[in-house]
Structure formats: structure tokens, C-alpha cells
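> Here it is: the structure, laid out below.
Values quoted throughout were computed directly from the atomic coordinates according to the rules given, and no laboratory measurement underlies them. Given the structure is predicted, the values throughout are model-derived calculations rather than measurements. Positions of Cβ are generated from backbone atoms using ideal geometry, with glycine treated the same way; all protein chains shown enter the neighbour counts.
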Amino acid sequence: MKLVTFLEHGVEALGAVVGDRVLRLDALFSSLVARAPAGKGSHASCAMTRLIELDGPEFAAVRREVARAAAGAQSPLLLSEIALQAPVPRPGKIVAVGRNYADHAAETGVKPFEKPRIIAKLPSSVCGPGSTVRRPPGVQKLDFEVELAVVIGRAARQVAKADALACVAGYTILDDVSAREFQFDVAPPQTTFAKSMDDFCPMGPWLVTADEVSDPQDLDLRLELNGEPMQSGNTRNMIFSVATLIEYITSYMTLEPGDVIATGTPAGIGAFRKPPRWLQPGDRLALDITRIGRLEHAIG
């Protein structure tokens, strides 16, 4: 199931992709939230988060009801004609992981870390598919990173690795746009700031529910810049798997429904090319992950 957040007459709406169309979920969503047990579906900041926090049996019912509705419905909404937003437009938090692919660690000149390197990417940086990421004044070293984004579906604290994937609502694609001047050229390094400027987190195009991705450690990633291949990898080459990351992060902080883990990027980023390849206004990027889809955005 592919769940989308989109704008209709300037209002956020929730839908499911059915072929080349989008099925509105407003009535179904309202019914499910109304029937949810007390304490569920009531504290989230957006419809998508409220939907996915209908955890366990409730979210299983969501999948069944959406599947039944999709099988018999004819939606007037063409996917190509709606304004998609990031699936979770304002996550509670985005926990990013640095240098989590062996080939990327090698291109940066460091040995693989013994424990995950955790970075914050602030929620205000999120933008949707088709967005234009504006290069801030004075920033010249603007860079790209294709990443598998993991969206959490239930509150998770001190979760064992064996149980970790049960906490995942689904997966999407994320470009960890970064201003490398603030990450590499200043003392002390300002990594969170470098990755959290406005629109520095294009995400989408939709949330693919976890039941559609049997193994998150067997997904191909690819990024093209103006049609030229820049990055290519597979999630099997992560140093720390999705399950390991969830176990590690939840040992220290609670992950909540709608939170996002940006799981790292393979080799090929602009900073370590010879010569470096920095993003310029007018550039167009296409990011692909198997079983999920394609995220496109521009640089302005």
C-alpha cells in the first residue's frame, strides 16, 4: 500500500495510490480514528501520523479496509494532477545516521564506525516531491545524499533488534541535502545546521507500508543529477541495518509514530568527487529506491 499526503484546495488530505489514481481516505480515516481506542490517533500533528499511530490490530484493519476500498473504487483523482506533499509533512524528529555505508565511509577516508553516528535533521527542513530546494545565500558547497527513510509506526523504547522491524510503519525516499561549508569548513563543525536549512529534506513521493518491503536490507538506491548517475548502492551494504539502528536509537530515546530515521547514503556524493560536484540552481535530481519509487526535485 502506498499512502500519500496531498493538497486539495489548499488543505492537506490523505490518500492511497491505486494505479495512476489516488483514492481519497478522508471518510475512512475519520471513521477509523473515531473507532480507535482512547489515546490512539489523537496526539499527532498530521493526518498521516494519526493514521499510522493506529498501531497493531488497528493499523492491520486500516490495510484491509484500504485494500477493499481500492479494489472497488474509481477515484477521479489522477496521481499526475495532484500536489503531493512529503508523506509525513512534519515529523516529530528526524534521526539521521552518518557514514553508514562502507563505501561512503571509505570515500571520506575513515574506517567504519563501531557504533552508529547519530545526527539530527530538523523537521522544518522537510519538503515534498517536486519541490525546489533554494540554495541559501552564500552557500556554494550544496550536496546531495540519497537515503532510505524509515517511518516509525509505534512508540518504541528499548526495542530488541529481533523486534525492531515491527515498529516500522513504512519506508520512503529522502535526499539529505547538506551545506558542506558548515559541516567541513568551520570549527566546530555545524553538522545539524548544515543539514537542516529550509527545504534541505525532500522526502517522498509516498509512504510504502512495511508489509510491501519484505527485507529493507535488499533495496537498490540510485541518484541521478541532470540525468547523470551519481550514486548507486544497495541497503545490504549498510554498516548498521535498519533493525540495528532502531535497537541502538531506542536504547537512549523513544521513537514515536511519524518519526523518521534517515539511514545513510552510499558512495558518490558531490563532496568527495574529483573535482567536487556541487549543486547549482537549475539542477534536477532523481532518486530511486526499489520497491518504493522515485523522488524528484530541483535546485533553485
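> What is the chain's relative contact order, in percent, from Cα pairs under 8 angstrom and six or more apart in sequence?
Contact order relative to length: 23 percent.
> So what are the ³J(HN,Hα) numbers for segment 118-125, from phi and the Karplus equation (6.51, -1.76, 1.60; θ = phi - 60°), rounded to whole Hz, Gly and Pro as x?
Each residue's phi maps through the Karplus curve to give 9, 10, 8, 10, 6, x, 5, 7 Hz.
> Counting other Cβ atoms within 10 Å, keep those with at most 14, restrict to DSSP loop, and tell me which chymotrypsin sites (Phe, Trp or Tyr not before Pro) in segment 234-289 are left.
Those satisfying the criteria are TYR252.
> Would you mind checking which residues have amide H under 5 Å from VAL18's amide H? H placed 1.01 Å from N; only 5 or more apart, or other chain.
Counting only residues 5 or more places away or on other chains, the set is LEU23.
> If you don't mind, there's one more thing I want to ask. Under the rule of at least 5 residues apart or a separate chain, name every residue whose amide H is placed under 5 Å from the amide H of CYS127.
CYS201, MET203
> When the chain is treated as a GNM, springs tying every alpha-carbon pair under 10 Å, which of PRO229, PRO202, PRO129 comes out with the largest mean-square fluctuation?
PRO229
> A further question follows. Roughly how many nanometres apart are two label points built 7 Å out from the Cα toward the Cβ at LYS115 and ARG64?
Roughly 4.3 nm, to one decimal.
> To continue, here is another question. With a 10 Å cut-off between alpha carbons and a GNM built on the chain, which of ALA179, ALA271, ALA162 moves the most?
ALA162
> How fast does segment 94-299 diffuse by Stokes-Einstein, in µm²/s, taking the Kirkwood radius from C-alpha pairs at 4 °C and 1.567 mPa s?
77
> Please enumerate, by chain and number, the aspartates and glutamates with C-alpha under 13 Å from the C-alpha of LYS141, excluding those fewer than 8 residues away in the same chain.
Counting by Cα, and skipping residues close in sequence, LYS141 has these aspartates and glutamates nearby: GLU181, ASP185.
> Identify which of SER75, SER131, SER214 has the largest mean-square fluctuation in a Gaussian network model of the chain, with springs joining Cα atoms closer than 10 Å.
Maximum among the listed residues: SER214.
> Less than 27 Å apart at the alpha-carbon level, and either on another chain or at least 8 residues along: which lysines does that give for LYS161?
Here the lysines satisfying the reach criterion relative to LYS161 are LYS2, LYS40, LYS93, LYS111, LYS115, LYS121.
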